[in-house]
1. In the stretch 45-81, how many residues are closer than 12 Å to ILE157 by Cα and over 30 Å from the mean Cα position of the chain (by Cα)?
2. Here's a check for you: in the stretch 236-269, which residue that is modelled with pLDDT under 85 and not in a helix (DSSP H, G or I) is surrounded by the most Cβ atoms within 10 Å (Cβ to Cβ)?
3. Working only within the stretch 50-64, note down all residues that are out of contact with any Ser or Thr (no Cβ under 7 Å at 6 or more places or on another chain) and aromatic (Phe, Trp, Tyr).
4. Note down all Cβ pairs under 9 Å where the first residue falls in the stretch 40-69 and is touching a residue at least 24 places away in the same chain (Cβ under 8 Å) and β-branched (Val, Ile, Thr), the second is outside any helix (DSSP H, G or I) and buried (at least 23 other Cβ atoms within 10 Å of the Cβ), and they're at least six residues apart or on different chains.
5. Please determine whether any residue of the stretch 86-95 is under 16 Å from GLN131 (Cβ atoms), among the aliphatic types (A, V, I, L, M) and more than 32 Å from the chain's Cα centre (by Cα).
6. Where in the stretch 132-225 are the helices (runs of 4 or more DSSP H), entirely inside, with at least 2 residues that are at pLDDT below 95 and more than 29 Å from LEU99 (Cβ to Cβ)?
7. Go through the stretch 110-131 and report how many residues are under 19 Å from VAL65 (Cα atoms) and either crowded, with 17+ Cβ neighbours inside 10 Å or over 41 Å from the mean Cα position of the chain (by Cα) (or both).
8. Can you name every residue in the stretch 92-124 that is assigned to a loop (DSSP other than H, G, I, E, B), small (Gly, Ala, Ser) and either within 14 Å of GLU51 (Cα to Cα) or in contact with a Ser or Thr (Cβ under 6 Å, 6 or more places away or on another chain) (or both)?
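The values are calculated or read from the model by the stated rules, or taken from the named source; none is laboratory data. In this text the structure is predicted, and so the values were computed from the model without any measurement. Here Cβ is always computed from backbone atoms with ideal geometry, including for glycine, and neighbour counts include all displayed protein chains.
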Amino acid sequence: MTTETDRVAPVPPDSQPSAGKTFPAARFVLIIWILFLVRCAFYIVEQPLWEGLDEWAHFAAIQHVSQTWRMPDRHAEVSPEVRQSICESPLPLATTRDLGGGLSHAEFRMLSRSERSALTSQCIATIHPRQYEGQQPPLYYYLMAVPLALTPHWWPIADQALLIRALSSLLASTAIFSTALLAARVLPQIRSSGVLCAMLVAVFPGLCLNICRVGNESLSLALPPLLLLVLQRPSRRIAAGLILGLALLTKAYVLALTPLLFFCLPRWRLPRSRLPLQSQDGGTRLTSLPPELCRGNSSTPPHRLSRWPGSWPPSSACSGDR
């Protein structure tokens, strides 16, 4: 008699996945990552100083941590270097309104150099920016404080900001690799799933505007895909909890990912005496089933017997044959 397994056509050797065919996908992901870094480099040097949202406040917090190794008080003032750079640089119009001073891009282009110098001196004497980013989770600021503390003291503040921008973009770019690995594990039947998802992350509109600046958004982008990747194996509970803790030390909205930890809970299992299969010495054999599960017992409800597929339970198990 021909069974269903006999009617299945054999898989040709050329169509079977091999270890050598995984390298082209890895090379494509590496190329996408390099192109993404090139794109980030353009945004890093193209955006003017303090053009990003609250960029000056993030940098002031990093500078304070690099000098004192403590998060600043949210009511404390920024350093004189940061305040002077705010007054000397052209700022977005919304930033000038929030600070109550400073030069917008239109005013910076329209005024002469002497007029800008006069307004800069007036701005330094009138505005008092606060360290309101001191209420943020501290992980990103301590990570960026290490390279900032190693920079020479004579570096201009603009070069220091470019360094933090580059490191932030490099942190965010790791999401390309974790997303590609996650897609390859979730959709293994689609060969190019990892490459396509990595490409989607690399070309996402508006992403570089948000991560190619001084800000903790870059680290919060890198950690959630890594958490989802680790959750593919529920046995890695400690690693998943560690990554979630680091993500919570980066951004508060990562708290929305905490329900994913339920996937790490141990699976519910039947008691040992109720298992129809028992493994001893590397082998598998049948054990005696409880009497209420045998088909010969008239008191057993039919709906309980129907849960056993095929010819289960076998007569050997009901008769106590080991």
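1. 3
2. Only one residue fits best here, namely ARG236.
3. Of everything in the stretch 50-64, those that are out of contact with any Ser or Thr (no Cβ under 7 Å at 6 or more places or on another chain) and aromatic (Phe, Trp, Tyr) turn out to be TRP56, PHE59.
4. ILE44/CYS212; ILE44/ARG213; ILE62/VAL214; VAL65/PRO72
5. The answer is no; no qualifying residue exists.
6. Numbers: elements: 139-150, 157-186, 193-202, 207-211.
Of the helices (runs of 4 or more DSSP H) lying wholly inside the stretch 132-225, those with at least 2 residues that are at pLDDT below 95 and more than 29 Å from LEU99 (Cβ to Cβ) span 157-186, 193-202.
7. So the first thing to find is which residues in the stretch 110-131 are under 19 Å from VAL65 (Cα atoms), and the list is 129-131.
If we keep only those that are either crowded, with 17+ Cβ neighbours inside 10 Å or over 41 Å from the mean Cα position of the chain (by Cα) (or both) too, we end up with 129, 131.
Result for the stretch 110-131: 2.
8. If the condition is that a residue be assigned to a loop (DSSP other than H, G, I, E, B), small (Gly, Ala, Ser) and either within 14 Å of GLU51 (Cα to Cα) or in contact with a Ser or Thr (Cβ under 6 Å, 6 or more places away or on another chain) (or both), then GLY101, GLY102 are the ones that fit.
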